[in-house]
Each structure stands twice: as C-alpha cells, then as structure tokens.
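The values are calculated or read from the model by the stated rules, or taken from the named source; none is laboratory data. These figures come from a predicted structure and were not determined experimentally. Ideal geometry is used to build each Cβ from the backbone, glycine not excepted, and the neighbour counts take in all protein chains shown. Areas reflect the complete protein model, heavy atoms only, side chains present, ligands, DNA and RNA absent. Shrake-Rupley method; radii C 1.70, N 1.55, O 1.52, S 1.80 Å.
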Amino acid sequence: MRLARVRTDDGVREGEYRDGALIADDAEYEVDENDLIAPCDPDALFCVGRNFAATLDQMDYERPEEPDFFIKPPHSVVGHRDPIPYPEWTDELTYAGELVAVVDEPCSDLAPAEVPDAVRGYTVMNDVDALDQQGRTARKAFTASGPLGPWIETEVDPADVDMHTEVAGERRQEANTELMLFDPHEVVSYLSKRFEFRAGDCVAFGSPANPGLVEPGETVDITYEGVGTLTNEVVDGD
C-alpha cells in the first residue's frame, strides 16, 4: 500500500494513493504525483552514514564499529518534485540516494525483531550535502537538504532492495540494500535505545557508493525498487 499526503482545499490530507486518487478516511481526492507533498512530517530525520563498504572505500572512511549517525531537522524536508535550491554559500552540492523507514507511533528501546511492527513503511530520501562546509550540521542540516517521497510503501523487505540514482538522465548509483554494513532493523533498534521516536520520524540508512556533485538545472531521480522514485530538480538559489 502507498500512503501519501496532499495539500487540498480541505487542508493537508493523507491516505492511500491509488490510481491517481488519494483515498482518505472520509473523502477521495483526484491527484497526481505533482500534487504530493512530503509523505510524513518528522520531528527529526535520523541519518546513518558510512553504511556501505563501497562508500567507505570511495571516500577513504574508516569502517564504523556501530551505526554512525547525524540528524537533519524538519526544516530540511521538502517533497517529491519540489525544487532543491543551490545555496549561494557552497560550491560543492552533492546528492545521495537513501532508503528511509518512517516510524508509525511513539516508541523506544526496540529489539531488532520488534522494528517491523514499529515502522509504518519506507520512503526515499536525497541526502543533499554541501560538501565544502565544516562539520555535518553545516553540510547536511540546511533548508531543503532532505527531500522525501514520493510516498510511504508499507509492503517492503528493506534488507533486499535494488536501487539506482540518475542525474540528468545519467546513471550515477546502483546497489542493493543487502550491501549495508548495518541492516535497517539493526539501525532502527540501535537509535531507539538512544531516542524516543515520535510518529512520523524518519531513519535513513545511508548512501551507496558514488554520491556526487550536482548543478543547477539537473534533475535527480532516486529509485528504490518496490518503494518508488523520488524526483527533484536543483535550481539556482540566488
């Protein structure tokens, strides 16, 4: 099932997205993908880095002994087909295609086996990074640095998902989530012992190899098979 959110004359509504319609509890709305907004409203996006061995080799990073994470704030969230402004204070903006779990209800201290019941489903994130800035917060926690969408897919095995990223129609990333160093259930469990998750919070599991530079005018399409394709165009931020 695809769970989506749209902005309507009745305000923001959420429900099942099916055959060009959003089916809410009390109404049905004709929509298409251009009408979708971010599929959840997180208090925080918990993002795991250095979670693919090939990425460690590419970036010359040390292999972490436990999940290495940082946090993007709500300010970073934009939706499917929303523009990504290129900030005037960076010369090195990068993309990175990531699978994301969306928490269903407040929870904490989960065992890995309990994670599937705590997760609403999975969506896609572009971990936008201003690579030439100092420190992860400056690099990754700015406005529009966390595009999410297009929807939440509820029927996914996150341990075996093929993915690819295309920039301006050119294939840049290609991998499978089975190549993660820490699997999705392990990551959510680890973070849940440090934070009390709130409904709608997101956990992103890191990017495969070949995150790279993107320029104004280029469109980034990130596909996780069985989940969906997140599409955003980078625009001049001046």
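Please work out if ARG194 is open to solvent by 60 Å² or more (accessible area, probe 1.4 Å), free of Cβ contacts under 8 Å to residues at least 24 places away in the same chain and out of contact with any Cys (no Cβ under 6 Å at 6 or more places or on another chain). Yes. Scanning segment 207-238 for residues being under 26 Å from GLU178 (Cα atoms) and either modelled with pLDDT under 95 or of a type in the set (Asp, Glu) (or both) gives a total of 8.
Taking the conditions (1) acidic (Asp, Glu); (2) modelled with pLDDT of 95 or more; (3) outside any loop (DSSP other than H, G, I, E, B) in turn, ASP57 satisfies each one other than (2). Of the residues contained in segment 16-36, none is found to be part of a loop (DSSP other than H, G, I, E, B), in contact with a helix residue (DSSP H, G or I) (Cβ under 6 Å, 6 or more places away or on another chain), open to solvent by 40 Å² or more (accessible area, probe 1.4 Å) and not hydrophobic (A, V, I, L, M, F, W, C). For segment 78-124, the tally of residues that are of a type outside the set (Lys, Arg), more than 20 Å from PRO184 (Cβ to Cβ) and open to solvent by 10 Å² or more (accessible area, probe 1.4 Å) stands at 11. Those residues that are outside any loop (DSSP other than H, G, I, E, B) and either modelled with pLDDT under 95 or in contact with a helix residue (DSSP H, G or I) (Cβ under 6 Å, 6 or more places away or on another chain) (or both), I need them from segment 124-135; list them, please. ASP129, ALA130, listed by residue number.
What single numbered condition from (1) open to solvent by 20 Å² or more (accessible area, probe 1.4 Å); (2) assigned to a loop (DSSP other than H, G, I, E, B) fails to hold for ILE71? For ILE71, the failing item is (2). Pairs meeting the criteria (first residue in segment 150-172 and more than 21 Å from VAL78 (Cβ to Cβ), second residue of a type in the set (Gly, Ala, Ser), beta carbons under 6 Å, at least 6 apart or on different chains) are THR154/GLY121; VAL156/GLY226. All but one of (1) without any contact (Cβ under 8 Å) to a residue 40 or more places away in the chain; (2) out of contact with any strand residue (DSSP E or B) (no Cβ under 9 Å at 6 or more places or on another chain) hold for GLN133, so report the exception by its number. All conditions are met except number (1). In the set (1) closer than 19 Å to ALA113 by Cβ; (2) part of a strand (DSSP E or B); (3) over 17 Å from the mean Cα position of the chain (by Cα), the condition left unmet by VAL235 is number (1). Among the residues of segment 171-186, those that are within 19 Å of ILE222 (Cβ to Cβ) and within 18 Å of the chain's Cα centre (by Cα) comprise ARG172, GLN173, GLU174, ALA175, ASN176, THR177, GLU178, LEU179, MET180, PRO184.
Being of a type in the set (S, T, N, Q) and within 11 Å of ALA101 (Cα to Cα) is the filter here; which residues of segment 149-170 pass it? Listed by number, the list holds a single entry, THR154. Mind checking which residues of segment 136-188 are among the basic types (Lys, Arg), open to solvent by 70 Å² or more (accessible area, probe 1.4 Å) and part of a strand (DSSP E or B)? The one that is among the basic types (Lys, Arg), open to solvent by 70 Å² or more (accessible area, probe 1.4 Å) and part of a strand (DSSP E or B): ARG171.
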